[in-house]
1. When the dipole is taken about the Cα centre of segment 201-266, and only Lys, Arg (+1) and Asp, Glu (-1) are charged at their Cβ, what size is it in debye, to the nearest 20?
2. Quick one: if the Förster radius is 56 Å, what FRET efficiency do Lys123 and Ser279 give, using the C-beta to C-beta distance and rounding to 0.05?
3. Based on the Kirkwood radius over alpha-carbon pairs, what value in µm²/s does the Stokes-Einstein equation return for the translational diffusion coefficient of segment 203-428 at 10 °C and 1.306 mPa s?
4. Kindly rank 152-165, 323-336 from highest to lowest mean number of other beta carbons found within 10 Å of each residue.
5. Starting with the highest mean, order 313-321, 421-429 by the number of other Cβ atoms within 10 Å, averaged over the residues of each peptide.
6. Can you tell me the length gained on complete extension of the stretch Ala379 to Glu328, counting 0.36 nm per residue apart and subtracting the Cα distance?
7. Ranked by Cβ crowding within 10 angstrom, fewest neighbours first, how are Thr178, Thr225, Thr232 ordered?
8. On alpha-carbon atoms, Rg over Rh for segment 100-187 using Kirkwood Rh?
Amino acid sequence: MHFWCEICPKLRSMTEKRDGGHLNVEKTTVSRTFYVFGVALVCAVSWISINLRTITTYTGMRWDTSPHEMLSFGERGLRFAAVPTPKPASTETEGIILTGEAAAALHMALKMNEEGKSGKALKLFLQALKLSPNNPDVLNSYGEFLEHEKLIEAENLYTRALINDPSHSRALQNRQRTFPKVQQLDQAMLTRIDEKRYRLYEIPEDNAALQRAMKEAYYQHIHHTTAIEGNTMTLSMTRAVVETRMAVDGKSVLEHNEILGLDEALKYINTTLVQEKHSITVENVIEIHRRVLGHAHPLEAGQFRNTQVFVGNHIPPHPTDVEYFMDEFDAWLNSPTIRNLHPIEFAALAHYRLVYIHPFTDGNGRTGRLLMNLILMKAGFPPVTIKVSERHDYYACLQDANRGDVRPFIRFVAKCAERTLDEYLSATTIYPVKRYTSRGLDYRNHLKRLDTLTLTK
């Protein structure tokens, strides 16, 4: 009995422990379940938070309950919530920091300039201009720094400063002071080019040297104007394709067709448009484009674009507005005021207007350069070649025109025209035979060096 009295409490305690163990096991299982569910919920909320912008962009879902503007899409009238235009990467805070960095660089540049350290000042001015390219203070100060050595570039900087801030008094004073001087320089340049053009008039058309120069310039123009657009054919390859119509190994069919199309367009200009007495029209431009893309993209040749295109930072007019702008361009080409401009000014402006409208899907640059040369040739100038090595300057001048100042592009075309005239005059000049004199290129040492590099030495 005593034994039973001792064992009963022990059994009772063991039972309680067993029941408690079951209860603990159940509690542990429930805890684990809640823990896993909580982790899954946290992961889901985190994923939704991280991908909220993507969801909003691609589905049009919005988290606010305010009414949304709707956009119609296509002829079927599909309706989508209008997604707001995303903000640029540079926020307001970043813009303040950027302006601060540009201001600091500008301050140090002015300090270095006062101390006579022009080399360091130039680097700091360029850094400030890179950080804030449209800041009128930076543009004006950099122009003042360059004015004594590069007057035209300084005046261009003053003009850019006024385009961004018309009320900038210091830039306005600087431009009023430099503008008449720059005008005189520009007029002197055009007068010099006209004198060289008149000298070229005096050379007979049947001059053998002139004929060779014209033939070489023909191939040069085809090569460089297609290379600017990315064609990888060399000058010798271009000449072989034009002369023989034979394919070049390793080059695509598209590159061959681009060269053949430009060859046909040049022949059309030389044999037809230059000889016509009437003024240039948009129909002539379309026919030029039809030949430029006739081999490469026959379905797009001579057709205005029906899609929106983007050219770097420039967004051309909407495709539904292209015909309207081309009608205006046709009236502009025949405007008496425009036709009274200097041929180089007229040609450069026509080229820029065409590429600004960008009426075709492809081939606008080539067509624009051909239109420019058509205007120059009708005025008695030889066709101008913009070399592929000048592509960066070419595009930079077009970008300046997009900002509001087309004069840098006119000067660029004038420089190319003068270089072309110099090449023609040099090729047709008869030099007296004299004793050899060094002209910068060491021909004699070069030839002697080749004699020591033969296979047997």
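Every read-out reported here was derived from the displayed coordinates using simple, explicitly stated rules and does not represent laboratory data. In this text, all values refer to a predicted model and were calculated from it rather than measured experimentally. As a convention, Cβ positions derive from the backbone with ideal geometry for all residues, glycine included, and neighbour counts pool all protein chains shown.
1. In debye, rounded to 20, segment 201-266 gives about 200.
2. The calculated FRET efficiency here is 0.65.
3. 88 µm²/s
4. 152-165, 323-336
5. In descending order of packing, they fall as 421-429, 313-321.
6. Residue separation times 0.36 nm, minus the Cα-Cα distance, leaves 16.1 nm.
7. Thr232, Thr178, Thr225
8. Taking Rg over the Kirkwood Rh, I get 0.98.
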